[in-house]
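J.: Here you go, one structure.
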Amino acid sequence: DPKAFAELVRRHEKPVYRFCLRALGGQREAAADATQEVFLRVVKNADRWEEKAKFTTWLYTIARNFCIDDSRKARFRRTDSLNETVGKEDTAGTEKIDMVKSEDPGPDRLGDSKRIRAIVDEAVAALPPEQREVFCLREFSGLSFKDIAVATDTGENTVKSRMRYALVALKDALRSAGFHPPSEEADAS
């Protein structure tokens with residue numbers, strides 16, 4: 001049913017994209033391609049979905065498996081790093097990533113939030129894959145621990161433990177960068 005599929009895409013496209021974006025290390029183009037592939041696989045495998053399972057659990061299982069496969073394949077692909085410096089005289093020392101136009105709002109609106117986002121993104125990328133996966137499924141895709149356990153074929157207590165370790169690592173990364181929870185700032189003064 002094309003209308004039903006269009007509604008599923010409308011409801012789940014952005015969360016699946018965000019999950020793929022995090023799972024694939026922040027590569028926007030790869031995440032967009034992954035999102036399309038996930039929905040293509042939903043169509044191809046629609047007969048395999050059993051109504052006893054939540055659709056979102058099945059959807060994120062497909063997304064997770066695709067991202068794992070894509071990450072494995074990516075190890076064998078060679079590309080230039082966006083962190084390489086440009087060698088032209090007028091831009092010497094500038095990294096390629098700095099040459100790409102940003103989609104973010106102006107600097108007056110970003111303040112610390114841009115810096116915090118960068119720290120969190122870097123910390124999420126540095127998490128062990130199992131912790132990163134659980135964190136992304138919970139925080140960016142909104143799945144319950146039970147659904148994450150089903151999607152990852154892992155025990156619910158293991159999922160909760162991975163989430164706890166991920167949160168501790170993210171908190172430590174923010175502290176190391178000089179950000180402290182408001183209760184700590186009040187204690188320091």
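Where a number appears in this text, it was derived from the coordinates with a stated rule and is not lab data. Predicted, not measured: the structure shown is a model, and the values here were computed from it. Cβ atoms come from the backbone with ideal geometry, glycine included; neighbour counts cover every protein chain shown.
J.: So what's the net charge close to PHE66: Lys and Arg +1, Asp and Glu -1, counting the other residues with Cβ under 9 Å from its Cβ?
T.: Counting the neighbours of PHE66, the net charge comes to -1.
J.: With θ set to phi - 60°, apply the Karplus curve 6.51 cos²θ - 1.76 cosθ + 1.60 along region 65-71 and write out the HN-Hα couplings as whole Hz, x wherever there is a Gly or Pro.
T.: Taking θ as phi minus 60°, the curve returns 4, 5, 5, 5, 4, 5, 5 Hz for region 65-71.
J.: For the pairs LYS52/LYS160; LYS14/LYS73; LYS52/LYS73; LYS44/LYS73; LYS3/LYS52, note any where the Cα-Cα span goes beyond 31 Å.
T.: Distance filter (> 31 Å) returns LYS52/LYS73.
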